[in-house]
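Asks: A single structure is presented below for examination.
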Amino acid sequence: MLKKVSVKKEKEFLLVYVDESDEFLEAMTHACNLAKIENLGIILLFIIEGENFRHWKGVENIMRAERKDEAKEVLNKYIKIIKEKHKIQVKSFIKTGEKLEVLIKIMNNKRLKVKNLVLGLAMDKIENNKIISSLTGISRKKLTLPIIIVPGRIK
(Lines give C-alpha, C1' and ligand atoms only; values in the text may rest on other atoms or scores of the structure.)
Protein backbone atom coordinates (compact mmCIF):
# COMPACT_ATOMS: atom_id res chain seq x y z
CA MET A 1 0.00 0.00 0.00
CA LEU A 2 1.33 3.42 -0.94
CA LYS A 3 1.80 5.99 1.75
CA LYS A 4 0.36 9.40 1.27
CA VAL A 5 3.11 11.97 1.57
CA SER A 6 2.03 15.47 2.41
CA VAL A 7 4.23 18.22 1.14
CA LYS A 8 4.01 21.37 3.19
CA LYS A 9 3.91 24.29 0.81
CA GLU A 10 5.51 27.45 2.10
CA LYS A 11 3.15 30.39 2.33
CA GLU A 12 3.33 32.85 -0.54
CA PHE A 13 2.90 36.59 -0.12
CA LEU A 14 1.48 39.61 -1.89
CA LEU A 15 3.91 42.54 -1.87
CA VAL A 16 2.36 45.96 -1.22
CA TYR A 17 4.39 49.15 -1.54
CA VAL A 18 3.51 51.51 1.33
CA ASP A 19 3.31 55.25 0.72
CA GLU A 20 0.18 56.32 2.66
CA SER A 21 -1.63 57.62 -0.42
CA ASP A 22 -5.33 56.96 -1.02
CA GLU A 23 -4.23 54.62 -3.80
CA PHE A 24 -2.11 52.64 -1.36
CA LEU A 25 -5.11 52.15 0.92
CA GLU A 26 -7.14 50.76 -1.99
CA ALA A 27 -4.26 48.49 -2.99
CA MET A 28 -3.79 47.26 0.58
CA THR A 29 -7.50 46.52 0.99
CA HIS A 30 -7.60 44.65 -2.32
CA ALA A 31 -4.45 42.71 -1.40
CA CYS A 32 -5.93 41.72 1.97
CA ASN A 33 -9.16 40.52 0.36
CA LEU A 34 -7.23 38.51 -2.23
CA ALA A 35 -4.86 37.12 0.41
CA LYS A 36 -7.81 35.88 2.44
CA ILE A 37 -9.34 34.11 -0.54
CA GLU A 38 -6.08 32.50 -1.70
CA ASN A 39 -4.58 31.87 1.77
CA LEU A 40 -1.62 34.19 1.19
CA GLY A 41 0.26 36.54 3.45
CA ILE A 42 1.03 40.23 2.98
CA ILE A 43 4.43 41.90 2.83
CA LEU A 44 4.38 45.65 3.43
CA LEU A 45 7.39 47.45 1.99
CA PHE A 46 8.29 50.99 3.04
CA ILE A 47 11.11 52.56 1.05
CA ILE A 48 13.07 55.51 2.39
CA GLU A 49 14.60 57.22 -0.58
CA GLY A 50 18.34 57.58 -0.18
CA GLU A 51 19.30 61.21 -0.15
CA ASN A 52 22.74 62.65 -0.50
CA PHE A 53 23.16 64.40 2.81
CA ARG A 54 25.51 67.33 2.80
CA HIS A 55 25.37 67.81 6.54
CA TRP A 56 27.64 66.82 9.33
CA LYS A 57 27.68 63.09 10.04
CA GLY A 58 25.80 63.54 13.33
CA VAL A 59 22.95 65.44 11.65
CA GLU A 60 22.77 62.82 8.89
CA ASN A 61 22.46 60.00 11.44
CA ILE A 62 19.70 61.83 13.35
CA MET A 63 17.74 62.49 10.13
CA ARG A 64 17.99 58.85 9.06
CA ALA A 65 16.91 57.62 12.51
CA GLU A 66 13.91 59.97 12.46
CA ARG A 67 12.83 58.77 9.01
CA LYS A 68 13.18 55.14 10.09
CA ASP A 69 11.08 55.81 13.22
CA GLU A 70 8.38 57.45 11.08
CA ALA A 71 8.41 54.44 8.74
CA LYS A 72 8.05 52.05 11.70
CA GLU A 73 5.04 54.02 12.98
CA VAL A 74 3.35 53.90 9.57
CA LEU A 75 3.99 50.17 9.14
CA ASN A 76 2.84 49.34 12.68
CA LYS A 77 -0.45 51.18 12.03
CA TYR A 78 -1.17 49.11 8.92
CA ILE A 79 0.08 45.84 10.40
CA LYS A 80 -2.37 46.31 13.27
CA ILE A 81 -5.23 46.98 10.85
CA ILE A 82 -4.41 43.92 8.73
CA LYS A 83 -4.05 41.58 11.71
CA GLU A 84 -7.20 42.78 13.48
CA LYS A 85 -9.52 43.30 10.51
CA HIS A 86 -8.33 40.64 8.05
CA LYS A 87 -6.47 38.17 10.32
CA ILE A 88 -3.71 37.61 7.76
CA GLN A 89 -0.02 36.93 8.29
CA VAL A 90 1.97 40.14 7.72
CA LYS A 91 5.66 40.81 7.23
CA SER A 92 7.14 44.26 6.87
CA PHE A 93 10.37 45.71 5.59
CA ILE A 94 11.94 49.15 5.67
CA LYS A 95 14.53 49.61 2.97
CA THR A 96 16.61 52.59 1.89
CA GLY A 97 17.43 53.39 -1.71
CA GLU A 98 15.93 54.29 -5.06
CA LYS A 99 12.29 53.10 -5.01
CA LEU A 100 12.25 51.19 -8.27
CA GLU A 101 15.56 49.39 -7.64
CA VAL A 102 14.55 48.36 -4.11
CA LEU A 103 11.12 47.22 -5.26
CA ILE A 104 12.54 45.03 -8.02
CA LYS A 105 15.15 43.57 -5.66
CA ILE A 106 12.47 42.58 -3.12
CA MET A 107 10.19 41.20 -5.85
CA ASN A 108 12.97 39.01 -7.18
CA ASN A 109 14.08 37.72 -3.76
CA LYS A 110 13.16 34.03 -3.94
CA ARG A 111 13.35 33.55 -0.16
CA LEU A 112 10.43 35.95 0.38
CA LYS A 113 8.03 33.88 -1.78
CA VAL A 114 6.39 36.93 -3.37
CA LYS A 115 3.55 35.84 -5.66
CA ASN A 116 2.37 39.25 -6.90
CA LEU A 117 3.11 42.94 -6.50
CA VAL A 118 0.04 45.03 -5.69
CA LEU A 119 0.15 48.74 -6.55
CA GLY A 120 -2.46 51.49 -6.36
CA LEU A 121 -3.13 53.57 -9.47
CA ALA A 122 -3.71 57.30 -8.96
CA MET A 123 -6.66 58.30 -11.10
CA ASP A 124 -6.07 62.06 -11.01
CA LYS A 125 -2.39 62.57 -10.14
CA ILE A 126 -0.18 61.22 -12.92
CA GLU A 127 3.03 61.98 -10.98
CA ASN A 128 2.00 59.39 -8.37
CA ASN A 129 2.13 56.66 -11.00
CA LYS A 130 5.88 56.82 -11.68
CA ILE A 131 6.53 53.34 -10.31
CA ILE A 132 3.72 51.81 -12.38
CA SER A 133 4.92 53.64 -15.48
CA SER A 134 8.47 52.40 -14.95
CA LEU A 135 7.47 48.80 -14.23
CA THR A 136 5.19 48.61 -17.26
CA GLY A 137 7.63 50.47 -19.48
CA ILE A 138 11.40 50.56 -19.43
CA SER A 139 11.91 48.23 -16.43
CA ARG A 140 9.47 45.48 -17.45
CA LYS A 141 12.34 43.24 -18.50
CA LYS A 142 13.45 43.03 -14.86
CA LEU A 143 10.10 41.67 -13.68
CA THR A 144 9.76 38.04 -12.69
CA LEU A 145 6.19 38.07 -11.37
CA PRO A 146 2.80 39.60 -12.15
CA ILE A 147 1.71 43.06 -11.03
CA ILE A 148 -1.82 43.76 -9.84
CA ILE A 149 -2.74 47.41 -10.44
CA VAL A 150 -5.67 48.59 -8.34
CA PRO A 151 -7.52 51.73 -9.47
CA GLY A 152 -7.59 54.44 -6.83
CA ARG A 153 -11.35 54.60 -6.57
CA ILE A 154 -12.51 51.00 -6.64
CA LYS A 155 -16.15 50.45 -5.66
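Asks: Within segment 8-27, identify whether any single residue is among the hydroxyl-bearing types (Ser, Thr, Tyr), at pLDDT 95 or above and within 22 Å of residue 149 (Cα to Cα), and answer yes or no.
Replies: No, the conditions are met nowhere in segment 8-27.
Asks: Name the one entry in 47, 42, 94, 88 that is in contact with a helix residue (DSSP H, G or I) (Cβ under 6 Å, 6 or more places away or on another chain) and in a loop (DSSP other than H, G, I, E, B).
Replies: 88
Asks: Does any residue of segment 16-30 turn out to be surrounded by fewer than 13 Cβ atoms within 10 Å (Cβ to Cβ), touching a helix residue (DSSP H, G or I) at 6+ places or on another chain (Cβ under 8 Å) and not aliphatic (A, V, I, L, M)?
Replies: yes
Asks: Further, regarding this structure: Enumerate the pairs (first residue in segment 61-81 and hydroxyl-bearing (Ser, Thr, Tyr); second residue anywhere and at pLDDT 95 or above and outside any helix (DSSP H, G or I)) with beta-carbon separation below 7 Å, excluding pairs fewer than 6 apart on the same chain, so at least 6 apart or on different chains.
Replies: Pairs found: 78/44.
Asks: Next question, about the same structure. Cβ-Cβ under 8 Å, sequence separation 6+ or interchain: first residue in segment 95-115 and over 10 Å from residue 45 (Cβ atoms), partner of a type in the set (S, T, N, Q) and surrounded by 14 or more Cβ atoms within 10 Å (Cβ to Cβ). Which pairs?
Replies: Between residues of segment 95-115 that are over 10 Å from residue 45 (Cβ atoms) and residues that are of a type in the set (S, T, N, Q) and surrounded by 14 or more Cβ atoms within 10 Å (Cβ to Cβ), the close pairs are 100/134; 100/139; 104/139.
Asks: For segment 50-62, does any single residue satisfy the condition of being of a type in the set (Gly, Ala, Ser) and within 12 Å of residue 16 (Cα to Cα)?
Replies: Looking through segment 50-62, none of the residues is of a type in the set (Gly, Ala, Ser) and within 12 Å of residue 16 (Cα to Cα).
Asks: Cβ-Cβ distance below 7 Å, separation of 6 or more or different chains: which pairs start in segment 119-133 with a residue that is under 12 Å from residue 149 (Cβ atoms) and end on one that is buried (at least 16 other Cβ atoms within 10 Å of the Cβ) and at pLDDT below 70?
Replies: 122/128
Asks: Out of the residues in segment 77-136 meeting the condition of being hydroxyl-bearing (Ser, Thr, Tyr) and surrounded by 18 or more Cβ atoms within 10 Å (Cβ to Cβ), tell me which one is farthest from residue 65 (Cα to Cα).
Replies: Within segment 77-136, the match that is farthest from residue 65 (Cα to Cα) is 78.
The values are calculated or read from the model by the stated rules, or taken from the named source; none is laboratory data. Given the structure is predicted, the values throughout are model-derived calculations rather than measurements. Cβ sites come from the backbone with ideal geometry, for glycine too, and all protein chains shown count toward neighbours.
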